[in-house]
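Student: Can you keep this structure in mind? I'll have questions shortly.
The values are calculated or read from the model by the stated rules, or taken from the named source; none is laboratory data. Bear in mind that the values here come from a model prediction, so they are computed numbers and not experimental data. So basically every Cβ, Gly included, is an ideal-geometry build from the backbone, and we count neighbours across all protein chains shown. Accessible surface is based on the protein model in full, side chains and every heavy atom, while ligands, DNA and RNA are left aside. Shrake-Rupley method; radii C 1.70, N 1.55, O 1.52, S 1.80 Å.
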Amino acid sequence: MRFWFLLIGIFWFASSTNAQEVNFYDASAINEIRISFRESDWRHILDSLFINQGDSGRLIGDVKVNGEEFPDAGIRYKGYSSWNSNEIKNPFNIDLDYIHAGQDYQGFAKIKLSNVIHDPSFVREVLSYEIARQYMPAPRANYSRLFVNEEYIGLYTNVEAIDKRFITSRFGSNDRSFFKGEPETLIYPFGQNANLAYSHGTDTSGYLPYYKMESDRGWSNLVNLIRILNTNSDSLGQYLNIDRALWMHAFNYALLNLDSYIGYAQNYYLYEDENGRFNPLLWDLNMSFGSFRDTDGSTNFLGLTIPKLKTLDPLQHLKFSISPRPLMTRLFANDTLKRMYLAHIRTIIGENIENGNYYSKALSMQELIRLSVQADTNKFYSFQDFINNADTTVGGVGSMILYPGLRDLMTARSAYLAGYKGISSHPLITEIRNSPEIPLKQQPVVIEAKIEDASEVILAYRCKREDLFTQVSMWDNGQSGDAVADDGFFTASVLLNGNVFQYYIYAQNDSAGVFSPPRAAYEYYTLQPAIGKGELVINEVSLNNNEWIEIQNRTTEPINLEGFRFTFSSELMDEWLFPDVVIEAGKFLCVDSRDITGNYLDFSIPGKNFIKLELENSKEEVIDSHILTTVPDSRTLGRYPNGYGPFVFMEPSPCANNFVGTTPTNGFNVYPNPASEQFTIEFVNPREAYNIEIFNASGQCIFKEEYDANPEHMDAVALQYECKGFSGLLIVRISGNGFQEIEKLLVR
């Protein structure tokens, strides 16, 4: 038996939007954006619009993004402290579809450019979003050079907007309650702002000045969340994604992003998912890494020094808040949630700060943008400040505040948190395993892990991606599925009643908690139950020139194809193993013979021989099969309807929904007609012996051939003939036991 690994290319279905999204926010590239205004006094107009009309006032201009032109875009300034009428380099908000609906660049209609006013290093915002995306949904960000009327304004950060498009891509919907924590008038240090305090009871109008509704409706849902948070936090998990809130707080305190819910209680979004839970989303990270120090919302409400910033207590709001911070205090008051929160801080620090990854990335970003920063004569800091701020504090001269050096700040921050009670002395989780190795649907699956120094262990699991995680205890007591008591292995047994099994483990003792995997619940372990017949199917096969096989995932969950294989009843190849690749729910994947290595999967059909193609799952069970035979030129062999219909000849549609087949249900096709070199006769498999006869205009039979019954798997038959020996108007007849079909054919 010969094994073939990775000999052919693999590609799978993705919309053009998703395929292109990465490019516009590619962190290794710098965009070029050019704006053309007809008005020479465009700065004065934009200032006036921003002062008098705020978000609603826009000036029309033509925009060019990386060379692609977009006429009549709507353009305005944006920001709060980052905008100044006396400055040349102000932040921009661009709506490409302001006049022309559907106008977008790579799927993006809104462009947000920040002017890097509070960051001499130029990396705080882009770096922070990159770190955040490891643990929660967060925007992508990179850099753009901005030109207005051919004048280079400067280098900006280009941040993905949190709008309905963003929400759809992360949550699969955009029609539920959606809010931004954005006070109309920021009041500090004593203002409630968007702190989620139950300050106005059930009167929704009392909350209007503090939260901006981004959806068509939802005020009552937001107020209900606020009510539950402040009065009945025991049921809070039904209305809030608590783990997402813990990750947000952990990120803000680990990276000292105080211009957030911590400081003025702003700069975050809330979206209600399909389970009815609000999900917090980070926003406006341009002053992370200690750039903002005006307040911590707690005892340092009049501001912090850089030394105090380094040792900022992540649980300080349990002691004092200048105005209520229930999204922290109500969660941290629960000992388990507090330990989970501190475990998230440990993960962020360990995966980014202690190992120096953040610093390496910062230097790499600075190297990418170095020349663009140097050419930016409108930047707010010197080029030397740009270079130095990756390591050391700069500023403190004139009106410029002190900006802590990233490495100086985070080295001290990491050391402080390493010894913080609740972050150290956590349990250790190792040797995670499951039984059976490949579980079966509707049967129990046992999860076991070796865990040291834990007083409580929880298994959180779900059997559908869209479901919430269910929590059950894991035991080391020799009962409840545990084999041996007190051997250090904790066990839980649960029913696998879906198309997937996703889980994580949380263990805690009196001091600290720990997750496995560390990024849970944003990441988790996945077990794939054995895939059966009808769940993953052969959907289309191309046998001419560019050979490929298309499969379709007919389940509601992604399927990892590692361990799956094609087998062939062919001397050319025995089998082909799939690599570690995932096919999304309901989507298609093509195994393609085209490959730059020159190797390919040769499953072409020589002559009229048949090849049996089988698809096997990871348990080596055949879950689909088909007999391959000669296919007409420019046609493929595919199922219609997709996934379960009969195999007929059709127009090629790789990695997409199949077309209606060309094979007639009744009768047969003869094409091309007229014919000059060759012609094809195509018809539904009669499942019995049949004859092909051709008569000339005089009624003489000039050709006859008998065919045996085709294999039962063949749903369509295509026979090709050379035109040599045929001419003029002909009659083609197919006949068998009790049936006869006739068509005319002209051969020139």
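Student: Just want the answer: with Cβ charges of +1 for Lys and Arg and -1 for Asp and Glu, which residue in Asn174, Leu246, Phe332 is farthest toward the dipole's positive end in the chain?
Tutor: Phe332
Student: How big is the gap, in Å, between the Cα center of segment 244-265 and the Cα center of segment 468-484?
Tutor: If we compute the Cα centre of each part, the gap is 34 Å.
Student: Of Lys212/Lys319; Lys533/Lys587; Lys64/Lys361; Lys338/Lys464, which sit over 25 Å apart, Cα to Cα?
Tutor: On the way: Lys212/Lys319 30 Å; Lys533/Lys587 17 Å; Lys64/Lys361 29 Å; Lys338/Lys464 28 Å.
Too far apart for the 25 Å limit: Lys212/Lys319; Lys64/Lys361; Lys338/Lys464.
Student: Take the Cα radius of gyration of segment 418-459 and divide it by 2.2 N^0.38 Å, with N its residue count; two decimals is plenty. Mind dumping the intermediate values first?
Tutor: Details: Rg = 14.8 Å, N = 42, 2.2 N^0.38 = 9.1 Å.
Its radius of gyration relative to the 2.2 N^0.38 Å reference: 1.62.
Student: Using alpha carbons only, how many angstrom separate the centre of segment 171-220 from the centre of segment 286-335?
Tutor: Taking the Cα centre of segment 286-335 as reference, the centre of segment 171-220 is 21 Å away.
Student: Shifting gears a bit: Over all alpha-carbon pairs of segment 134-223, lay out the pair-distance distribution in 10 Å bins, whole %, shortest bin first.
Tutor: 14, 31, 30, 20, 5, 0
Student: How large is the helix-only mean residue ellipticity at 222 nm for the chain, computed as the sum of -39500 (n - 2.57) over DSSP H runs with n ≥ 4, divided by its residue count, in deg cm²/dmol to the nearest 500?
Tutor: Working: 12 runs with 128 residues, N = 748.
Counting only the DSSP helices, I get -5000 deg cm²/dmol.
Student: Give, as ranges by residue number, the residues of segment 703-734 whose backbone N falls under 12 Å from the point 7 Å along Cα→Cβ of Asn673.
Tutor: Counting only backbone N, you get 730-734.
Student: How big is segment 517-563 by the Kirkwood estimate over distinct Cα pairs, in Å? Provide the component values of the computation, followed by the final result.
Tutor: Working: mean 1/r = 0.0748 Å⁻¹.
13.4 Å is the Kirkwood radius here.
Student: For segment 79-127, just say rounded, prolate or oblate: build the C-alpha gyration tensor, square-root its eigenvalues into a ≥ b ≥ c, call rounded for a/c under 1.5, and beyond that prolate if a/b exceeds b/c, oblate if not.
Tutor: oblate
Student: Using the alpha carbon gyration tensor of segment 170-225, what are the three equivalent-ellipsoid semi-axes (square root of 5 times each eigenvalue), largest first, in whole Å?
Tutor: On the way: eigenvalues 92, 35, 16 Å².
Equivalent ellipsoid semi-axes, largest first: 21, 13, 9 Å.
Student: Quickly work out the Asn546-to-Lys164 label distance, labels modelled 7 Å from Cα along the C-beta direction, and quote it in nm with one decimal.
Tutor: In this crude label model, Lys164 to Asn546 measures out at 3.6 nm.
Student: Next up: What is the distance in Å between the Cα centroid of segment 359-414 and that of segment 19-78?
Tutor: Using only Cα atoms, the two centres lie 27 Å from each other.
Student: Can you sort Trp576, Trp83 by solvent-accessible area, 1.4 Å probe, largest first?
Tutor: Numbers: Trp576 0, Trp83 55 Å².
From most accessible down to least: Trp83, Trp576.
Student: At 1.4 Å probe size, with no ligands or nucleic acids counted, give the accessible surface of Glu614 in Å², nearest ten.
Tutor: 40 Å²
Student: Taking R0 as 56 Å, what's the FRET efficiency between Asn477 and Ser360 from their Cβ-Cβ distance, rounded to 0.05?
Tutor: Details: r = 46 Å, r/R0 = 0.82.
With R0 = 56 Å, the Cβ-Cβ based efficiency is 0.75.
Student: Can you give the charge dipole size of the chain about its Cα centre, rounded to the nearest 20 debye, using +1 on the beta carbon of Lys and Arg and -1 on the beta carbon of Asp and Glu?
Tutor: Values: 63 positive and 93 negative charges, 389 e Å.
The dipole magnitude comes to about 1860 debye.
Student: Choose one of Ile447, Leu468, Phe489: the residue whose Cα lies farthest towards the positive end of the charge dipole of segment 403-519 (beta-carbon charges +1 Lys, Arg; -1 Asp, Glu; about the Cα centre).
Tutor: Leu468
Student: What value does segment 42-108 have for Rg/Rh, both radii from Cα atoms and Rh as Kirkwood defines it?
Tutor: On the way: Rg = 12.3 Å, Rh = 12.5 Å.
Using Cα coordinates only, the ratio equals 0.99.
Student: Another question, then. Give me the 1.4 Å probe accessible area per residue for the chain, excluding ligands and nucleic acids, in Å².
Tutor: Numbers: 31270 Å² over 748 residues.
For the chain, the solvent-accessible area averages 42 Å² per residue.
Student: Tell me, what is the 1.4 Å probe accessible area of Ser114, in Å² to the nearest 10?
Tutor: Around 20 Å² of this residue is reachable by solvent.
Student: First select every other residue whose beta carbon is under 11 angstrom from the beta carbon of Phe332; then total the charges, Lys and Arg +1, Asp and Glu -1. Spell out each step's value before the answer.
Tutor: Values: positive: Lys319, Arg325, Arg330, Lys338, Arg339; negative: Asp335.
Net charge around Phe332: +4.
Student: Give the residues of segment 612-655 whose amide nitrogen is closer than 12 Å to a point set 7 Å from the Cα of Thr665 in the direction of its Cβ.
Tutor: Only 641 pass the distance filter.
Student: Using R₀ = 56 Å, calculate the FRET efficiency as 1/(1 + (r/R₀)^6) where r is the Cβ-Cβ separation of Ser435 and Glu69; round to 0.05. Mind dumping the intermediate values first?
Tutor: Working: r = 60 Å, r/R0 = 1.07.
According to the calculation, E is roughly 0.40.
Student: Something else now. Need one word for segment 206-261: rounded, prolate or oblate. Basis is the Cα gyration tensor (sqrt eigenvalues a ≥ b ≥ c); a/c below 1.5 gives rounded, then a/b vs b/c decides. Intermediate values should be presented prior to the final figure.
Tutor: On the way: a/c = 2.18, a/b = 1.32, b/c = 1.66.
Judged from the Cα gyration tensor, segment 206-261 comes out oblate (a/c at least 1.5, b/c at or above a/b).
Student: One quarter of the convex hull surface, Cα atoms only: what value does that give for segment 618-699 in nm²? The partial results should precede the final answer.
Tutor: Details: hull surface 32.8 nm².
Taking a quarter of the hull surface, the average projection is 8.2 nm².
Student: Over the Cα atoms of segment 408-521, what radius of gyration and what Dmax do you get, in Å?
Tutor: Using the Cα atoms of segment 408-521, the pair Rg, Dmax is 16.2, 55 Å.
Student: Got the relative contact order for the chain handy, in percent, Cα pairs under 8 Å and 6 or more residues apart? Could the numbers behind the result be given before it?
Tutor: Values: 1653 pairs, mean separation 69.5, N = 748.
Averaging sequence separation for qualifying contacts and normalising by length gives 9 percent for the chain.
Student: Based on a Kirkwood Rh over C-alpha pairs, give the Stokes-Einstein translational diffusion coefficient of segment 199-326 at 25 °C and viscosity 0.890 mPa s in µm²/s. Walk me through the numbers on the way to the answer.
Tutor: On the way: Rh = 15.6 Å.
In µm²/s, the coefficient rounds to 157.
Student: Determine, at each q value in 0.14 (inverse angstroms), the log₁₀ of I(q)/I(0) that the Debye formula gives when each Cα of segment 271-353 is one equal point scatterer.
Tutor: -0.63
Student: To the nearest µm²/s, what D does Stokes-Einstein give for segment 321-432 at 4 °C and 1.567 mPa s, using the Kirkwood radius over alpha carbon pairs as Rh?
Tutor: Details: Rh = 17.2 Å.
The calculation lands on 75 µm²/s.
Student: Rounded to the nearest 10 Å², what accessible area does Met400 show when all protein chains are kept and the probe is 1.4 Å?
Tutor: 40 Å²
Student: Please report, as a whole percent, how much of the solvent-accessible surface of the chain comes from carbon and sulfur atoms (probe radius 1.4 Å). Don't skip to the end; give the middle numbers.
Tutor: Numbers: 14950 of 31270 Å².
Result for the chain: 48 percent of the exposed heavy-atom area is carbon or sulfur.
Student: Continuing with this model, one more query. State the extension gain, in nm to one decimal, for the chain segment bounded by Arg370 and Asp453, taking 0.36 nm per residue of separation less the distance between their alpha-carbons. All intermediate terms of the calculation are to be shown ahead of the outcome.
Tutor: Values: separation 83, 0.36 × 83 = 29.88 nm, distance 4.89 nm.
The Arg370-Asp453 span can extend by a further 25.0 nm.
Student: What shape does segment 68-153 have by the C-alpha gyration tensor, where a ≥ b ≥ c are the square roots of the eigenvalues, rounded means a/c under 1.5, and otherwise prolate means a/b greater than b/c and oblate the rest?
Tutor: Verdict is oblate for segment 68-153.
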